[in-house]
Structure formats: C-alpha cells, structure tokens
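Everything below concerns the one structure shown next.
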Amino acid sequence: MGETELAAFVFVVTGDSGLKRGRNHPVGPAAPTVTKQEAQEAMIIVLKPDHTEEDLQRIVRKLEDKGLGAHISKGEQRTIVGAIGDERVLRETPIESWPGVESVLPILKPYKLVSREFKPEDTIIRVNGREIGGRKIQLFAGPCAVESREVLEEIALSLQPLGVGFLRGGAFKPRTSPYSFQGWGEKGLKMLAAVREETGMLVVTELMDPRDTVLVCKYADIVQIGTRNMQNFRLLTEVGNIDKPVILKRGMSATIKEFLMSAEYIAAQGNEKIILCERGIRTFETETRNTLDLSAVPLLKQLTHLPVIVDPSHAVGRADLVPAMARAAIAAGADGLLVEVHVRPEEALSDGPQSLRPAAFASLLEECARIAQAMGRTL
C-alpha cells in the first residue's frame with residue numbers, strides 16, 4: 001500500500017441496537033496490523049428514514065465492489081453503514097448521491113466504533129434478562145479470588161438476598177508477587193458455575209491469557225479484562241471475537257483516550273458488548289491503593305455510548321473508604337458497582353483489607369439506593 005493510501009472506515013449505523021457483526025470471526029485470528037504508512041479514518045453513512053431494503057443492499061454491494069467491507073447496524077430511528085479500506089477510493093466515491101443516502105459524516109475521534117459520534121444512543125447490554133447501562137444500576141460483588149466452594153457459596157448466599165445479580169470471583173489471579181496465590185484455574189471456574197446453578201447469580205471472572213479464552217467462556221457469563229491487560233492487544237483482539245460481554249478495566253496509568261482505544265480493539269473485531277470499568281489510577285498518593293478518578297464517569301458518558309461501572313474496592317484498597325466512593329460513583333452517573341465482599345476478610349487469600357463484610361455491603365446498598373432514587377434510577 002502506498003503512502004497516499006490510508007485505511008478508512010465507512011459505517012452504516014442504526015438506532016439503539018448498536019453495531020452488528022459484518023462477518024463471523026472464529027476465536028483466534030489476530031487483528032490486521034497497521035503499518036506506519038497506513039492510518040484509520042472513519043465515516044458514517046446515514047440513510048434516509050424512508051430508505052428501502054433494496055437501497056441498503058445496493059449501498060453494501062457498491063462498497064464491497066470498491067474493496068470496502070460494509071458494516072450495517074439498524075436501530076429504531078436510523079440506519080447507519082460502514083466499511084474499511086482505501087481512504088482515497090472512499091473519498092473519490094460520490095456516496096451522498098446514491099439512492100437512500102441522507103448524509104456522509106466523518107468520525108473525528110481516533111476511536112470510531114465506541115464513540116458517541118458513531119452511536120448517539122446509550123448502549124444497553126442484556127445478559128440473561130439483566131440490563132447493564134439502563135435505568136437500573138447493576139451490582140457486581142464477590143471475593144477477589146475463588147478460594148473454596150464452601151466460602152464462595154457462603155458469600156453468594158449472603159449477596160443473593162441483597163439483589164446482587166452478578167457474582168464476581170477470580171479463578172486466574174494476576175498477582176504482583178509470583179509467590180502469592182494465583183487462583184485455582186478451571187477448578188475455580190467450576191466452583192463459580194456450581195454456585196451460579198444454586199443462586200441464579202451470573203458469573204464474572206477474569207481472562208488473563210488468550211490461550212484460556214475458550215475455557216473461561218465455557219463458564220463465564222461476562223469476561224473481565226483486568227487493569228494490567230488493558231493494553232494487551234492480542235488479548236483484546238481475542239475477546240473481540242467472542243459472543244459474551246466484556247468488562248474492560250482502565251489501566252492503572254492509562255489516559256481516557258488510551259482506555260477508549262483499547263475498547264476500540266474489542267469493538268473492531270465485532271464484539272460491541274463492552275462495559276468500561278473505572279478502577280482508579282496510580283498517582284503520587286500513598287494513603288490509598290490508587291486514586292479513584294470519578295471525573296472519568298461523566299467524561300466517558302460524553303465520549304462513548306458504552307456503559308460505565310466503577311470498582312471502588314481496587315481504587316482505594318481500604319474497606320472503610322469503599323462506601324463513600326461507591327456513593328460518589330452513583331452520584332457521578334455510574335451504571336454499576338463492582339465491589340469486593342468476603343464473609344471473613346481477615347482470612348481472604350487475596351485483597352482482604354479492601355473487602356467488605358456482607359453486613360457492611362448491605363448498609364452501603366441502602367445508602368446508594370437513596371442516591372440512585374435522587375438520580376432517577378434504581379439499584
């Protein structure tokens with residue numbers, strides 16, 4: 001490809017449903033690389049409200065005939081179309097004159113698919129009857145690590161009556177020290193699945209290695225990408241090829257732009273079920289584990305259509321500060337809370353000091369419910 005040839009996106013997007021996969025991707029293939037002579041540029045093709053299905057298919061055929069891969073998304077209000085290919089071809093094509101086309105708009109942000117420019121409406125992710133990103137604020141709670149079936153079951157049974165819909169727990173644990181507990185692997189995943197059968201709570205667990213993708217997806221309802229892997233692009237590409245929601249945690253030193261570019265890696269592979277998680281960033285402060293950047297919540301809400309949740313536990317690393325940060329997160333507009341809860345924090349194999357006891361978590365929820373109500377939402 002010559003220096004004047006740039007890769008470009010053309011998007012056809014519609015209403016509330018967000019993106020639909022242009023083609024089925026098996027788990028495994030890496031994303032196409034972009035050389036220093038190539039760049040990505042995006043455009044949105046907005047169709048007229050009275051366009052016909054024949055108009056839409058004709059647009060797709062014309063784009064494909066010119067070597068541009070069309071990407072269609074249909075919503076209640078609008079249909080918007082997209083393709084990737086040579087920018088020069090795209091610019092020389094009189095798309096606005098085609099039947100059914102209302103306008104062609106550029107996306108100026110470096111992140112395309114996850115931007116508000118691409119999709120003005122909020123994305124609502126539905127998982128087995130539960131909605132993330134809607135009026136109801138979702139709760140994700142549980143131990144940092146899966147320790148034993150008995151302890152996990154005890155924790156889950158204490159959370160279920162509180163309305164917690166998602167049980168979090170790590171079967172694979174990224175630890176700073178190689179001598180710390182690293183998790184039970186598939187044995188831990190089986191424990192999570194067994195407790196799900198008993199309680200009905202959906203499973204959220206972390207994926208650390210692309211080689212474990214099929215294994216983790218076998219047991220998890222939502223796959224989590226942790227802070228240390230936010231820029232593991234091979235892993236992001238892998239979860240972009242799965243048909244499960246992904247919680248993407250912000251890197252501890254990542255900017256908002258870098259955070260959204262990582263989300264773009266997932267979306268670019270066809271998986272638009274992305275939940276952004278603010279979990280604190282590393283600063284010069286030493287009294288807390290990290291510094292919770294709550295300004296990220298309303299800022300992300302402006303920049304992206306994706307739901308945003310907050311993890312106050314990892315942000316502050318202190319159980320006594322978690323309730324205040326959780327309340328503030330709800331007031332800032334978070335779509336959910338990811339909180340570590342343990343029946344006996346002093347015996348926890350991982351992150352005991354930041355884990356709430358069930359009674360303290362119940363009190364937190366009572367306080368957060370009042371704030372949610374004031375915000376016009378429910379908990």
Would you mind working out the magnitude of the charge dipole of the chain relative to its Cα centre, with +1 at each Lys and Arg C-beta and -1 at each Asp and Glu C-beta, to the nearest 20 Debye? 140 debye
Per-residue HN-Hα couplings for region 315-331, Karplus 6.51 cos²θ - 1.76 cosθ + 1.60 at θ = phi - 60°, whole Hz, x for Gly and Pro? 5, 9, x, 9, 4, 5, 9, 4, x, 5, 6, 5, 4, 5, 5, 5, 5
Listed residue (V316, G376, L292) projecting farthest to the positive dipole end of the chain, Cβ model: V316
Can you list the HN-Hα couplings for region 115-125, worked out from phi with the Karplus curve (6.51, -1.76, 1.60; θ = phi - 60°), rounded to whole Hz and with x for Gly and Pro? 7, 5, 4, 6, 9, x, 7, 5, 7, 10, 9
Per-q log10 I(q)/I(0), region 197-305, q = 0.10, 0.13, 0.15, 0.23 Å⁻¹ (Debye; single scatterer per alpha-carbon; no solvent): -0.30, -0.49, -0.64, -1.23
Efficiency of FRET between T291 and K190 - r from beta-carbon atoms, R0 41 angstrom, step 0.05: 0.65
What net charge is computed for the residues neighbouring D212, neighbours being all others with C-beta under 11 Å from the C-beta of D212, Lys and Arg scored +1, Asp and Glu -1? -2
Alpha-carbon Rg with Dmax, taken over the chain, Å: 21.7, 68
Can you give me the angle between helix 186-199 and the longest principal axis of the chain, using Cα atoms only, in degrees from 0 to 90, rounded to the nearest 10? 80 degrees
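Within 14 Å, Cβ to Cβ, of E198, how many net charges do the neighbouring residues add up to if Lys/Arg are +1 and Asp/Glu are -1?
Details: positive: R149, K190, R196; negative: E150, E153, E154, E197.
Cβ neighbours under 14 Å give a net charge of -1.
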Here the gain from full extension of L108 to R228, 0.36 nm per residue of separation minus their alpha-carbon distance, amounts to 40.4 nm
How do the peptides 91-102, 341-352 rank, highest first, by the average count of neighbouring beta carbon atoms within 10 Å per residue? 341-352, 91-102
Check T304: other-chain or 5+ apart residues with amide H under 5 Å from its amide H, H built from backbone geometry? R116
For the chain, the charge dipole (Cβ of Lys, Arg +1; Cβ of Asp, Glu -1; about the Cα centre) points to a positive end, and the Cα of A268, T213, V146 closest to that extreme belongs to V146
Positive-end extreme of charge dipole, region 125-374 - chosen from T176, A156, V127 (charges on Cβ): V127
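Restrict the search to region 248-327; then list the chymotrypsin sites (Phe, Trp or Tyr not before Pro) that DSSP places in a loop and that have at most 15 other Cβ atoms within 10 Å of their Cβ. Walk me through the intermediate numbers first.
Numbers: sites: F259, Y265, F284; in loops: F284.
Within region 248-327, the qualifying chymotrypsin sites (Phe, Trp or Tyr not before Pro) (loop, at most 15 other Cβ atoms within 10 Å) are F284.
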Separation of the R135 and T199 label points, Cα + 7 Å toward Cβ, nm: 2.7 nm
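Bear in mind these aren't lab numbers, they're just calculated from the coordinates by the rules spelled out. Since this is a predicted model, take the numbers as computed values, not measurements. Cβ atoms come from the backbone with ideal geometry, glycine included; neighbour counts cover every protein chain shown.
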